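One structure is given here, and the rest of the page talks about it.
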Amino acid sequence: MLDTILLLASSAPVHESTGDTGLLASFVELLNNFGVEPKLIIAQIINFILVAFLLWKFAFKPVMATLDERQRKNSEGLQFAEESKTQLEETEKRQAEVLREANTKAQDILHEARDSASEFEDKMKGETATQIEEMRKRAEDSNELERKKMLTEVRQEVARLVVMTSGKVLQRELGNDEKLRLDKAAAEEISQLN
Amino acid sequence: MSSILEQIEKEITALKPGVSKTNTGVITAVADGVAKAEGLSQVMYNEMVEFPHGITGIALNLEEDEVGIVCLGDANLLKQGDEVKTTGRLLSVPVGRVMLGRVVDAIGQPVDGKGPIDATEHYPIEKIAPGIIPRKSVDQPLQTGIMAIDSMIPIGRGQRELIIGDRQTGKTTIAIDTIINQAKINRQGLASGDESFRPVYSIYVAIGQKNSTIARTINALEKAGALEYTIIVVAAAAENAANLFLAPFAGTAMGEWFMQNGMDALIIYDDLTKQAAAYRQISLVLKRPAGREAYPGDVFYLPSRLLERSARLNPDNGNGSLTALPIIETQAGDVAAYIPTNVISITDGQIFLETDLFNQGIRPAVSVGLSVSRVGSAAQIKATKQVAGRVKLELAAYRELAAFAQFGSDLDARTRRQLDRGSRTVELFKQPAYSPKAVEIQVALLWAMQNDHFDDIEVEDIVSAASSLEDYLSTGKQDLLGKILSQKKLDESIEAELTEAVTAWRSTFKSA
Amino acid sequence: MATSQDSKLAKRLALLVVEAGEQGVAELKPALEKILAGRSAKDRKAFLKDFHKAAVREIQKETLTVESAQSLSPEVLSQLVIKFSEGRERPLQVVQKTNPELIAGMKVRLGDTVYDASLANNLQNLANSIR
């Protein structure tokens, strides 16, 4: 825009003045007429460049960066959403799998438990049977022992009675001759032993 | 009835009138269960003599014109002037399989009311111990079922391992546990039909105990189904000193029968302190010279001649064995007293039980430092050796460290680890009474401990964790346990299976 | 109070007296007086008791007691006496007793050894043998 003004401003005095040497002078004059000072122009240009640079550096760039960032984030968010979706699907799949596995395992354990339970039951049954058998046997044994004990007692008692009665009978019934014979035999035996 | 008469008739006809020659004497004095008699010029030392009323006695003191006789029955029935007869027999007791499951007194007469014992064989109660040639070194294990003992102080068949400790420290419990475990193993082994299986028969000699205690013991054994493999010899506190003195010898004679017939037997003397005291009483009444603590001079010979009869015989002599677990009671933990030192010196090691440990709740209260087994490790199965080889040293180091750790607060990681492991091992070894553990379970538990599977369980939860693992293994992993038992060692495949099993268990175990 | 020495002395004295027989008894009194002189009453009593015991024992060793159900015929008795006197220097004292409880036969005692050949004993053995 400044250029156009400058051009316009510069084009006007050309028609008024004549010759090339007078061109620059007329131009300066024109500028002076318009109140344009070259020094000021240069200073303004420098100012302008400075301001432009500063604006570029401190305003435009961060704004652009922020814009870029936002754009990036948006796209990232979209991507993440996409990924989450697939992950969810995968998880669901896996969950189903684990569930299935757990079920089979539970089944297995159940089977195993059932097997060992029945095994245990059998074992227990067997043990109980043997125990009952043993108890029966023990009872029988103790019965037998009891019977034997009684028998022994009876036998001893009978023997005692027999001996006692026979002693009494012998004492009464044994004749003198018989006694003498026994005495002799006894003496003989004692002599032999000694 | 008629058969009885017939039998009597037969005996009468078979009877030959004969003459009997006996050596007799007359009682001159009776005091404290000891009778002095004159006469009896031909009596032998240790011979059985007959008093009136069917009372028997043993001639223990043969003097110039007097014989000192200890009475085995009620000496109150005897009086001065009674006649004494020699019998020509040394004191002997009935022996054999028929004795199993019975409760007998010091001369082998039944006291359990189950009728007479139909024994065909008798052994003299005093016998010379097997010499050097028929013996063999101990190489077969005798599992007590108590983890602390089987892993650290193992006992072999034919060994003599002393159980020593103060009163109320669980000495008898260890003995009963061992008997119960033998019965358990016997039942399993005999049921498996394994030809090479060797059952262990037990003999429990109760010396000078209260009748109530004996009844409780018998009850515990019967409940555990161990009575049918056990002979119980009883000389209760109220009996004559002579019975207390003789009961261990009678029990040993019964055990010797098993040993001499190629079988394995275990004998428990509970306890020998009382026998020594009874012997002291007899000796003092017989006016034998008294020595230290009024014990007679030959009190050293008493337990040694008893325990020397326990042995492992070599295959040429039947391959039998007699394992002895004598019990000695100490006063205030004094193992250096007269009788304890004496018995310690003639046994192959001792299990020392401490009151302090017992009161801390560590039961069985086995003191690791003072307990040793001099020959038993040769008898351990390889699997136990693999897992328990370092346990004793580790525990000893733990005790030492634990004492130090009380003073310092900053411990390095290694010490910390050692302490943790030690306290967990101590917990693992806790075991309630009358619940012996099978060897394969012991191996599995120790393996789990050695391989850090208990490290993340709180110390106070170890006991419940161990029992939960035991339950898990014995219900679901029978085949694995069977493998450990049959292979007798841990190879890679078994270890892998164990890892799997223990990991599976660990995921289910939740500490309280 | 040398009691053990005293009782030894008493035993020896008893042995001597029994060996010497009638003559010994005659010589006993002065010997005893000599020994007992200067001893307390308690020691005397103990000495005499020991002496008596030892004498009884020694006499018993020399005495054959024959117990029988009825009085024995002389030939049976002499047979026994001859048998038991074998190898002895001095004759045995024979004491005869009757005890009808023996039924028949006899029971002979010499010292502290008893030979029982009575019918009662045989019957008792029979009763004991039945179990």
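The residue that is farthest from the other protein chains (Cβ to nearest Cβ), among those in the stretch C:71-116 that are more than 29 Å from residue C:53 (Cα to Cα) and surrounded by 18 or more Cβ atoms within 10 Å (Cβ to Cβ), is C:102. Please determine, by comparing only the residues of the stretch B:13-30 that are within 7 Å of chain C (Cβ to nearest Cβ) and open to solvent by 70 Å² or more (accessible area, probe 1.4 Å), which one is modelled with the lowest pLDDT. Among those residues, the one meeting the criterion is B:17.
Restricting attention to the stretch A:174-194, the residues that are surrounded by fewer than 16 Cβ atoms within 10 Å (Cβ to Cβ), facing another protein chain (nearest Cβ under 7 Å) and assigned to a helix (DSSP H, G or I) total 2. Specify the residue that is surrounded by the fewest Cβ atoms within 10 Å (Cβ to Cβ); the eligible residues are those in the stretch B:31-47 that are under 14 Å from residue B:58 (Cα atoms) and away from chain C (no Cβ under 14 Å). The qualifying residue surrounded by the fewest Cβ atoms within 10 Å (Cβ to Cβ) is B:45.
Open to solvent by less than 60 Å² (accessible area, probe 1.4 Å), among the aliphatic types (A, V, I, L, M), part of a strand (DSSP E or B) and without any contact (Cβ under 8 Å) to a residue 12 or more places away in the chain - does that describe any residue in the stretch C:120-128? No, the stretch C:120-128 contains no residue that is open to solvent by less than 60 Å² (accessible area, probe 1.4 Å), among the aliphatic types (A, V, I, L, M), part of a strand (DSSP E or B) and without any contact (Cβ under 8 Å) to a residue 12 or more places away in the chain. Helices (runs of 4 or more DSSP H) fully within the stretch B:355-448 that include at least 3 residues being open to solvent by less than 30 Å² (accessible area, probe 1.4 Å): B:382-388, B:391-405, B:413-428.
For residue B:93, the requirement of being within 14 Å of chain C (Cβ to nearest Cβ) and part of a strand (DSSP E or B) is not met.
Of the residues A:112, A:146, A:140, A:121, the single one that is open to solvent by 80 Å² or more (accessible area, probe 1.4 Å), facing chain B (nearest Cβ under 8 Å) and under 60 Å from the mean Cα position of the chain (by Cα) is A:112. Of the helices (runs of 4 or more DSSP H) lying entirely inside the stretch B:137-226, those containing at least 1 residues that are open to solvent by 10 Å² or more (accessible area, probe 1.4 Å) and basic (Lys, Arg) span B:171-192, B:211-223.
Just a yes or no: is a residue in the stretch C:51-70 within 14 Å of chain B (Cβ to nearest Cβ), surrounded by 19 or more Cβ atoms within 10 Å (Cβ to Cβ) and at positive phi? Checked the stretch C:51-70: no residue is within 14 Å of chain B (Cβ to nearest Cβ), surrounded by 19 or more Cβ atoms within 10 Å (Cβ to Cβ) and at positive phi. Evaluating residue B:248 against the criteria (1) touching a Gly at 6+ places or on another chain (Cβ under 9 Å); (2) open to solvent by less than 10 Å² (accessible area, probe 1.4 Å); (3) at pLDDT 95 or above; (4) part of a helix (DSSP H, G or I) leaves one unmet condition, (1).
The values are calculated or read from the model by the stated rules, or taken from the named source; none is laboratory data. Since the structure is predicted, the reported quantities are computational estimates derived from the model, not experimental observations. As a convention, Cβ positions derive from the backbone with ideal geometry for all residues, glycine included, and neighbour counts pool all protein chains shown. Heavy atoms of the whole protein, side chains included, go into the accessibility calculation; ligands, DNA and RNA do not. Shrake-Rupley method; radii C 1.70, N 1.55, O 1.52, S 1.80 Å.
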